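Just so you know, all these numbers are worked out from the coordinates, no wet-lab data involved. Values in this document were obtained by computation on a predicted structure and should not be read as measured data. Here the Cβ positions follow ideal geometry from the backbone for every residue, glycine too, while neighbour counts run over all protein chains shown.
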Amino acid sequence: MFVPYPLHVLINQAGNTCHSKHIPIPTSKSEIQQISDSWLLHSVLFLVQSWMEPLLYLQTTLDRYDDAPNALLSKTKWVSDKLLSLEQGVVVLIRKMLDEGIMASSTIFDHTQSPYDGQFPEVLESVIRDYHLLTCFKKDTHKMETFLKLLKCRQSNKLSCLPQ
Amino acid sequence: MLPSLSASDANKGPHLTGCRSSEQVTFRCWWSSGTFQNLSEPGALRIFYQTKALSSDWYECPDYTQTVKNECYFNKTFTRIWTSYCIQLRSVPQNTTYDEACFTVENIVYPDPPVGLNWTLLNVSRSGLHFDVLVRWTPPPSADVKTGWMSLVYQLQYRVKNNTYWEMQELESGTQQSIYGLHTDKEYEVRVRCKMSAFNNFGEFSDSVFLQVAQIPSKESTFPMALVLSFILIGVVILLIFIVISQQQRLMVIFLPPIPAPKIKGIDPELLKNGKLDQLDSLLSSHDMYKPDFYHEDPWVEFIQLDIDDPADKKNSDTQHLLGLSHSGSSHNLNLKNDDDSGRASCYDPEIPDPEDLASLLPNHSEQGEHQHSLVSRSSSANPDFQQESEVVETPIQTQPSWVNMDFYAQVSDFTPAGEVMLSPGQLNTSPEKKKKEEENEKKIQFQLVCDGAYTSETTARQFSADVPSSPGPEQEYQAFPTQGVEGNLWNGDYLVSVNDSQTPYLLLEPPPAPVLPPISDYTVAEPPSKSSFLAAYGLSAQPR
């Protein structure tokens, strides 16, 4: 079963508890455009690494549902794989652009991130939690995309990418 | 909450009608007082917002737009993306909250429409009926796509003007798209809209652009061309038909060459008819007939033999069968036009019966079973066989009766009561009438065989050899000889194969070693059931070697 439309409101209101909240990320365009390359890259790496484990958790919970669409399951798996590739790419960028050596690691976070160890909550609660997780994931990937696009713009033409 | 700008819910009380951002930097919210007319004055209703990121306090709308009624504008200092906002519509005097909505700004982004729509003609089809265009546009000026702040995808729609149904193209991340297969002389309307690539909020449509391509009047010129071409084609076909009809004979010769009837050079077929055997004999004997190649072409033609097991029954049955042959021949429409073209029997003659019919005419029809009969057979082609067999096979000729010294052309004169076939000349025992009858019979069979031999009718041979009653099954029908004690000599349809251990299999197609021929006649007698005589007729030994 999946979340009926009216429950979206509940989810949005509870949407402030995305786990990536503890990274201070600027939230306006002008501020973001003033961030340095180094900070952009490190933020992206941090975001990528913070989502690897929750996605794995999401895969297991989605498997548990009886009527989860196959497209959803396969997409989640696909996204997990892509995230790994993304991490490797960002590590390479950091090495090349910032001349820093960084080890790709996906276990930065402690495992208390997933607070549902050992218990199997009931389906509706689990579904709402998963939905919330996916919403947060979408937000964070939008952040990654914005940062990387900004970086790309700066690489191609520094002048036009400065804040106007 | 998905913001909507519809005014359909005017029956409700005061409510928020929507919040939108066009460039992900600022956003606006609108509300309506609904049915509460007393709250419609400006200032009666107020907007309060809360960003949980900063604090839990509610702040009032930073800017009520002067020019637009019931609009609250959040400029870029108050807009934070990736941040959750909650908006409330309150009436301050009564301290009541009429509506609330929560969202994040990137989720309410509806980009402005693209601008600068124009089109260029790519090509026109050869028929002049269709054309392709390339449509170009530029991103909305408010959206900052250059720095990658917004990633837009575009959707192009087109329709025939004044049509109600819009054709939609695939989403395009670039700023141009082609449309294929448009019809000339129709006016089209094209428009574009865009949305953020990861979100689902399409902005408004751009202004439509109209395009039309005039139809090139080349269509009319192709019509008569098609007519002309078809006329030419018909004329050519008629010409061909005329040629074929006029040159029919020549074409027939070229394409369907006639298979030559068996003619012997220097021999007038009329001679045969008149029965001047003496002259014929002299002609034939002087003529070099023993060309191996000739025989190899149709080796089996000459071989018609059927063995007879039961001599007792044969006596009357044979004669009757032979006589009956003529009857059944007529009944089976076996008229080979003896009167006209014997010897020149055209094998295209449709009157020539099937091999099955022919076989049924044979005295030893398979249904009859036990009866066997002898037939006159030409064994001229048997001579090459004999040449090869002569090494291992004792020449049976010496043991044969007088017929071995017969002339080239011998004709059946009569059947003796013992079942032997008497050959003329010189052995005329019957009345001329009977002799003539048998003569005719012989000719009939002979010509039939010849004609059939013109076509490799293996079935005919099979039919003939099928007359051996003692052989069960089709495969063994060629082994008529073995059943009668002749081992190792098999009919193989087309050629005689000897499988004697001491002999190599003989293939008729091989050229004989030397044309040393015993003085046997071209036409030998099909001996009645006597084994040895029968075999001897073909130069074969009755005893296995």
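A few comments on the model shown:
- The local environment of A:ILE102, defined by Cβ-Cβ distances under 13 Å, has a net charge of -1 under the rule Lys, Arg +1 and Asp, Glu -1.
- Subset of A:LYS139/B:LYS146; A:LYS96/A:LYS143; A:LYS138/A:LYS158; A:LYS96/A:LYS138; A:LYS96/B:LYS52 violating a 30 Å alpha-carbon distance limit: A:LYS96/B:LYS52
- Per DSSP, loop GluC sites (Glu not before Pro) in the stretch B:161-239 with at most 16 further Cβ within 10 Å: B:GLU170, B:GLU187, B:GLU204
- Taken one residue at a time, the phi angles of the stretch B:172-189 give Karplus couplings (6.51, -1.76, 1.60, θ = phi - 60°) of 10, 8, x, 10, 8, 7, 9, 10, 10, x, 7, 8, 5, 6, 10, 8, 10, 10 Hz. Gly and Pro are set to x.
- Shape analysis of the stretch B:110-208 based on the Cα gyration tensor places the equivalent ellipsoid semi-axes at 27, 14, 10 Å, largest first.
- Panel order for B:VAL133, B:VAL160, by other beta carbons found within 10 Å of each beta carbon, from fewest to most: B:VAL160, B:VAL133.
- Other residues with beta-carbon under 9 Å from the beta-carbon of B:ASN201 carry, at +1 per Lys or Arg and -1 per Asp or Glu, a net charge of +2.
- Sequence-separation-based contact order of the stretch B:102-154, relative, with Cα cut under 8 Å and 6+ spacing, percent: 32
- For A:LEU73, the shell of other residues with beta-carbons less than 14 Å away shows a net charge of -2, using +1 for Lys and Arg and -1 for Asp and Glu.
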